[in-house]
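Below is one structure, written out as structure tokens; comments come after it.
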Amino acid sequence: MELHGDPRTKRGPSAFLKKLLADGVHHEETVYADLKPVRVTYAPGDLAGGARETLRLMRAGTPLIAQGVLMYGDRVGIPDLLELRPGASALDGATYEPVEIKTARAVKPVYRLQLAFYAHLLADTLGSWPELAHVILVDGRRDTFTLASVREHYETVLGGVVRVKEGEEPPVHISSTCGECPWEPACLTHAEETRDVSLTYGLQRRVARYLRGEGIETLGALAAQDPVALAAQAGIPPGQAGALVLQAQVLEDGQPRWRRTVTFADTPAEIFFDIEGDPEHDVLYLFGVLLRTPTGEQYTAFVAENPCDERRAFEELLTFLEAYPAAPIYHYHDYERSALRKLATRHGVDPARTPQLLERMRDLNHDLVSTAVLPVYSYSLKAVAKRLGYRWSHPEASAAQSIFWYSTWLKTGERALLDLAVEYNADDCRATRLLKDWLAQGPDAQLLPEASEPAAKWSQRARSPIPAGDL
Ligand code: SF4
């Protein structure tokens with residue numbers, strides 16, 4: 001899409017993404033201030049001039065170079081740092097190794113590919129590949145790896161990129177990662193127009209490749225397959241083949257299917273629970289509970305207004321939950337359960353308290369996926385509840401946006417932003433309640449006739465905010 005897509009269809013960065021970019025630049029500058037590298041300077045846009053200056057600094061034996069420009073043919077790379085090391089190269093007994101500075105807590109495979117790309121450019125410039133590459137993480141730790149360990153994979157990926165550049169058009173593959181991609185609107189529109197088979201939830205790339213090879217490229221074609229034959233031919237378990245075919249059929253006719261009904265105990269009180277967390281500050285900052293009783297419902301937020309406040313907010317949450325010992329605690333997906341365990345350990349909660357709470361927790365995502373198949377592209381709470389008719393108060397609300405609101409509140413003290421995060425959490429709790437009621441109705445339950453928003457069948461995974469440092 002970067003090479004051939006229509007730039008007018010590319011989505012601009014969200015406020016959260018801009019914040020990550022700004023955090024990345026800030027972290028980079030902090031590391032530069034500490035290491036004091038020589039920064040390459042050149043006229044704006046004159047990358048060839050930047051490459052000449054970088055080479056001059058390398059030939060002069062500069063120990064550490066920031067923002068060097070590496071160029072070879074039509075490939076250009078600007079590593080955060082180039083570090084002088086002993087080694088074999090055209091520099092006579094010395095070479096340079098690439099270093100990236102990331103606002104992440106751990107190295108990701110994509111960082112290794114990025115560094116292999118810089119190493120490849122260094123090899124083109126200096127005559128041989130350096131041995132090592134490095135990542136400086138958000139806490140200042142340095143992760144070093146051998147480039148030989150990633151070279152084969154790098155060359156496969158590069159080969160694919162080169163083929164795309166030369167005109168090969170790979171098929172679209174809609175997956176959960178698309179929600180974080182600026183090309184999502186364009187790809188989703190294309191996939192919907194062509195009824196692309198990758199709209200089928202749970203379709204792995206490997207299986208999609210097999211299907212396309214067999215000419216099964218649309219939802220309609222997949223919906224018409226015999227699951228038993230498909231399982232045998234595609235080398236996947238029969239249950240998986242059946243689920244894919246059924247999901248495609250449901251997307252084709254827009255009608256949900258029920259595998260079984262699900263029952264809920266009749267209790268005098270019910271709690272719908274949702275947590276917000278900020279990985280950058282390592283804090284779970286908001287615990288929202290929607291309490292429903294025969295007299296009505298009430299939402300309460302336990303908020304850590306700063307990360308040091310997490311323990312107090314958590315203790316208040318526990319006291320609240322324990323005040324309604326017979327109320328089931330409904331949540332969506334396993335995040336709340338694992339977060340509760342983590343918090344209990346972190347804050348030294350009496351071990352006798354947690355099992356009773358965990359016992360009362362019920363994951364509605366588990367109930368949903370084992371009970372019904374919906375005409376959605378994703379089973380995130382957002383995608384599901386929107387299809388059931390729920391509308392979030394803030395149109396751009398998402399887990400990532402909530403983190404942005406919270407971290408900006410931490411910096412600026414602007415309470416309206418914290419209020420937005422609370423409002424988003426309240427919506428999540430109400431959406432969870434709506435889903436529970438929908439499931440309780442059983443096969444008579446209705447969907448929204450057709451999503452009024454184009455992408456209502458789809459929504460970025462609510463529990464997968466872009467981790468700081470992905471940029
Ligand atoms: S939206 Fe998805 S399929 Fe399209 S370019 Fe992005 S990641 Fe790839």
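Counting other Cβ atoms within 10 Å, keep those with at most 16, restrict to DSSP loop, and tell me which GluC sites (Glu not before Pro) in region 118-193 are left.
Details: sites: 131, 152, 155, 166, 168, 180, 192, 193; in loops: 131, 166, 168.
Sites meeting the loop and neighbour criteria: 131, 166, 168.
Using only the Cα atoms of region 176-253, what do you get for the radius of gyration and for Dmax, in Å?
Cα radius of gyration and Dmax of region 176-253 are 12.4, 38 Å respectively.
How large is the dipole of the chain about the Cα centre if only Lys and Arg carry +1 and Asp and Glu carry -1, each at its Cβ, rounded to the nearest 20 debye?
440 debye
Working from Cα positions, state the angle (0 to 90°, nearest 10) between the long axis of helix 148-165 and the longest principal axis of the chain.
80 degrees
log10 I(q)/I(0), Debye, Cα-only the chain, no solvent, q = 0.07, 0.13 Å⁻¹?
Computed log10 I(q)/I(0) values: -0.47, -1.28.
In whole angstrom, how far apart do the alpha carbon centroids of region 189-221 and region 125-151 sit?
37 Å
Kindly flag which residue pairs out of 10/386; 102/386; 36/165; 386/411; 10/436; 342/386 have an alpha-carbon separation exceeding 28 Å in this structure. It would help to have the intermediate numbers written out before the result.
Details: 10/386 24 Å; 102/386 35 Å; 36/165 38 Å; 386/411 32 Å; 10/436 36 Å; 342/386 30 Å.
Cα-Cα > 28 Å for 102/386; 36/165; 386/411; 10/436; 342/386; rest within.
Kirkwood hydrodynamic radius for region 127-260: how many Å is it when counted over pairs of different Cα atoms?
17.9 Å
Take the alpha-carbon positions of region 122-194, form their convex hull, and give its projected area averaged over all directions (one quarter of the hull surface) in nm². Don't skip to the answer; put the middle values down first.
On the way: hull surface 31.5 nm².
Reported value for the Cα convex hull: 7.9 nm².
Where the accessible area of region 6-147 is counted over protein heavy atoms with a 1.4 Å probe, how much of it, in %, is carbon and sulfur?
That share works out to 58 percent.
In degrees from 0 to 90, rounded to the nearest 10, what is the angle of the helix 15-35 Cα long axis to the longest principal axis of the chain?
Taking the Cα atoms of the chain, the angle to 15-35 is about 40 degrees.
Over region 176-253, what relative contact order in percent results from Cα pairs under 8 Å that are six or more residues apart?
Result for region 176-253 is 29 percent.
To the nearest 500 deg cm²/dmol, what mean residue ellipticity at 222 nm is calculated for the chain from DSSP H runs of n ≥ 4 alone, each contributing -39,500 (n - 2.57), summed and divided by the residues?
-14000 deg cm²/dmol
Give me the Kirkwood hydrodynamic radius of region 234-284, using the inverse of the mean 1/r over all pairs of distinct Cα atoms, in Å to one decimal.
Hydrodynamic radius (Kirkwood, Cα pairs) of region 234-284 is 15.8 Å.
Please give the helix 310-322 orientation as an angle from the longest Cα principal axis of the chain, in degrees from 0 to 90, rounded to the nearest 10.
On a 0 to 90 degree scale, this one is about 20.
Largest first, how would 42, 154 line up by accessible area (1.4 Å probe)?
Values: 42 75, 154 10 Å².
Output order, biggest surface exposure first: 42, 154.
At a temperature of 37 °C and a viscosity of 0.692 mPa s, determine how fast region 7-165 diffuses translationally according to Stokes-Einstein, using the Kirkwood radius over alpha-carbon pairs as Rh; express D in µm²/s, rounded to the nearest whole number. Don't skip to the end; give the middle numbers.
Working: Rh = 16.6 Å.
In µm²/s, the coefficient rounds to 198.
First check a/c for region 303-450, with a ≥ b ≥ c the square roots of the eigenvalues of its C-alpha gyration tensor; if it is under 1.5, answer rounded, and if not, answer prolate when a/b is larger than b/c or oblate otherwise.
Because a/c hits 1.5 or more and a/b fails to exceed b/c, region 303-450 counts as oblate.
Across region 89-105, in residue order, what do the Karplus-derived ³J(HN,Hα) couplings come to in whole Hz, using 6.51 cos²θ - 1.76 cosθ + 1.60 with θ = phi - 60° and x for Gly and Pro?
6, 5, 8, 6, x, 9, 8, 10, 10, x, 9, 10, 10, 10, 8, 10, 8
What percent do you get for the relative contact order of region 251-359 when only Cα pairs under 8 Å and 6+ apart count?
24 percent.
Quick one: compute the contact order of the chain, relative version, from alpha carbon pairs under 8 angstrom and 6+ residues apart, as a percent. Can you show the working numbers first?
On the way: 723 pairs, mean separation 62.1, N = 471.
About 13 percent, as a whole number.
Roughly how much of residue 428 is accessible, in Å² to the nearest 10, using a 1.4 Å probe?
10 Å²
The values are calculated or read from the model by the stated rules, or taken from the named source; none is laboratory data. The model shown is predicted, which means the values in this text are computed figures rather than measured ones. Here the Cβ is made from the backbone with ideal geometry for all residues, glycine too, and neighbour counts use every protein chain on show. Ligands, DNA and RNA are stripped out before the accessible areas are found, and what is left, the full protein with its side chains, is counted by its heavy atoms. Shrake-Rupley method; radii C 1.70, N 1.55, O 1.52, S 1.80 Å.
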